[in-house]
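**Student:** Following this message is one structure expressed as structure tokens.
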Amino acid sequence: MRGNSKPAAFPKISVRNIQRAITVNTVDLKKFAGMAVRCCLALHQRKGTDLTRLREIFIWIISDRRMTCLHRQFLNKAGSTDVLTFEHGEIFISAETARQNARVFGNSLTHEIRLYVVHGLLHLHGFDDRTKARAREMEKVQQRIFRELTGW
């Protein structure tokens with residue numbers, strides 16, 4: 001890239017499953033994430049952060065134990081959560097929470113994890129869910145992208 005620090009239009013995506021309890025198809029998830037990035041980039045850019053500035057997106061499938069540590073360390077909240085996103089392009093997904101939520105909502109594990117990928121990508125593209133109104137807006141966009149990609 002000869003001195004140009006502008007990232008490529010589509011960031012490279014890496015998916016790593018670093019927990020051992022639950023099998024996750026990382027190849028399929030990487031393909032899905034690539035399609036989801038393209039959908040997110042087609043959206044109106046949000047104020048602040050956006051996907052076009054990232055060279056790479058890292059998706060980490062982790063254990064609840066590790067997620068609990070991250071949740072406490074970075075958000076000062078107790079317990080695990082489903083997905084955490086960090087502005088430098090990291091999306092952490094708890095496989096155990098995904099499996100539990102998939103059962104509760106009657107989804108497959110793949111469906112649930114893909115939903116978290118879209119959620120994380122929207123955060124990286126400037127969406128937030130800190131208020132009820134913004135959470136509703138983000139949920140609508142998330143569902144639209146998910147339907148477009150999966151037919152659900």
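The values are calculated or read from the model by the stated rules, or taken from the named source; none is laboratory data. Source: prediction; values computed, not measured. Heads up, the Cβs are rebuilt from the backbone with ideal geometry, glycines too, and the neighbour counts pull from every protein chain shown.
One line per residue, one yes/no per condition, for (1) more than 15 Å from the chain's Cα centre (by Cα); (2) aliphatic (A, V, I, L, M); (3) farther than 23 Å from PHE146 by Cα:
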site: ALA33; (1), (2), (3): no, yes, no
site: CYS40; (1), (2), (3): no, no, no
site: ASP50; (1), (2), (3): no, no, no
site: SER63; (1), (2), (3): yes, no, yes
site: GLN73; (1), (2), (3): yes, no, yes
site: GLU87; (1), (2), (3): no, no, no
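**Student:** For the stretch 124-138, give me each residue that is part of a loop (DSSP other than H, G, I, E, B) and surrounded by 12 or more Cβ atoms within 10 Å (Cβ to Cβ).
**Tutor:** Hits for the stretch 124-138 are HIS125, GLY126, PHE127, ASP128, ASP129.
**Student:** I'm checking my understanding of the structure. Among residues of the stretch 80-123 that are of a type in the set (Phe, Trp, Tyr) and assigned to a helix (DSSP H, G or I), which one is farthest from ILE62 (Cα to Cα)?
**Tutor:** PHE105
**Student:** Follow-up. Kindly establish whether THR23 is at pLDDT 95 or above, assigned to a loop (DSSP other than H, G, I, E, B) and hydroxyl-bearing (Ser, Thr, Tyr).
**Tutor:** Considered against the rule, which asks whether it is at pLDDT 95 or above, assigned to a loop (DSSP other than H, G, I, E, B) and hydroxyl-bearing (Ser, Thr, Tyr), THR23 comes out as yes.
**Student:** Inspect the stretch 57-80 for any residue being under 20 Å from CYS39 (Cβ atoms), surrounded by fewer than 22 Cβ atoms within 10 Å (Cβ to Cβ) and of a type in the set (D, E, K, R) and give the result as yes or no.
**Tutor:** no
**Student:** Could we say that PHE92 is touching a residue at least 40 places away in the same chain (Cβ under 8 Å) and either surrounded by 13 or more Cβ atoms within 10 Å (Cβ to Cβ) or within 15 Å of VAL24 (Cα to Cα) (or both) here?
**Tutor:** It is false that PHE92 is touching a residue at least 40 places away in the same chain (Cβ under 8 Å) and either surrounded by 13 or more Cβ atoms within 10 Å (Cβ to Cβ) or within 15 Å of VAL24 (Cα to Cα) (or both).
**Student:** Evaluate the stretch 128-148: report whether one residue or more is under 18 Å from GLY89 (Cβ atoms) and among the aromatic types (Phe, Trp, Tyr).
**Tutor:** No: zero hits.
**Student:** Does ILE145 satisfy the criteria of being assigned to a strand (DSSP E or B) and either in contact with a Gly (Cβ under 8 Å, 6 or more places away or on another chain) or surrounded by 16 or more Cβ atoms within 10 Å (Cβ to Cβ) (or both)?
**Tutor:** No: the conditions fail for ILE145.
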